[in-house]
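Trainee: Here it is: the structure, laid out below.
What follows is calculated from the coordinates using simple rules that are stated; it is not laboratory data. Please read all numbers here as calculations on a predicted model, not as lab measurements. Reconstructed Cβ throughout: ideal geometry from the backbone, glycine too, with neighbour counts over all protein chains shown.
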Amino acid sequence: MSQRERAGGPPPAARTAGGTPDVFAALGDPTRREVLEQVAARGEVTATELAAALPVTRQAVAKHLNVLAGAGLVHARRAGRETRYAPTPEPLGEAIAWMADLGAQWDTRLARLARSAATR
């Protein structure tokens, strides 16, 4: 357990081995996906507002929002005493583009394999 976890601090942001935000790790948790869906549906919202609509505590929602923010999926903005969260779609677009590129690579490989099998 890290010193941050023992101190009750926020969880570390989901990161790849290279240190860049990892959208897939952040979205790996079903509650976190629901939190992101709620933020996207509402536009801008506080952790307290989200917790009222979810079956988890405000503290749990805040931790999920911290991970989503670390992956770049939401943006936090202070408004007086509140922290308001808004969705940031760019990382999802990057993840979709990566998956489409990977899918195209696999399509090419599978087509090559099918041609090879057909000639035998």
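Trainee: Apply 1/(1 + (r/R0)^6) to the Cβ-Cβ distance of Ala76 and Ala100, taking R0 = 30 Å, and write down the FRET efficiency to the nearest 0.05. Mind dumping the intermediate values first?
Mentor: Details: r = 29 Å, r/R0 = 0.98.
About 0.55, to the nearest 0.05.
Trainee: Mind pulling up the Rg/Rh value for the stretch 48-120? Radius of gyration and Kirkwood radius, both on Cα. Mind showing how you got there, number by number?
Mentor: On the way: Rg = 21.1 Å, Rh = 15.6 Å.
Rg divided by Rh gives 1.35.
Trainee: Non-local amide H neighbours of Val74 (under 5 Å, H modeled in plane, Pro and chain starts lacking H): which ones?
Mentor: Ala69, Thr88
Trainee: Moving on to the next point. If I model a spin label at Arg120 and Asp29 as a point 7 Å from the Cα along the Cα→Cβ vector, what separation in nanometres do I get?
Mentor: About 4.6 nm separates the two model spin labels.
Trainee: How many nm separate the modelled label positions at Arg112 and Leu54, each set 7 Å beyond the Cα in the direction of the Cβ?
Mentor: 4.3 nm
Trainee: Placing +1 at every Lys and Arg Cβ and -1 at every Asp and Glu Cβ, with all other atoms neutral, what dipole size does the stretch 43-107 have around its Cα centre, in debye to the nearest 20? Present the calculation step by step, with values, prior to reporting the outcome.
Mentor: Working: 6 positive and 7 negative charges, 115 e Å.
Rounded to the nearest 20 debye, it is 560 debye.
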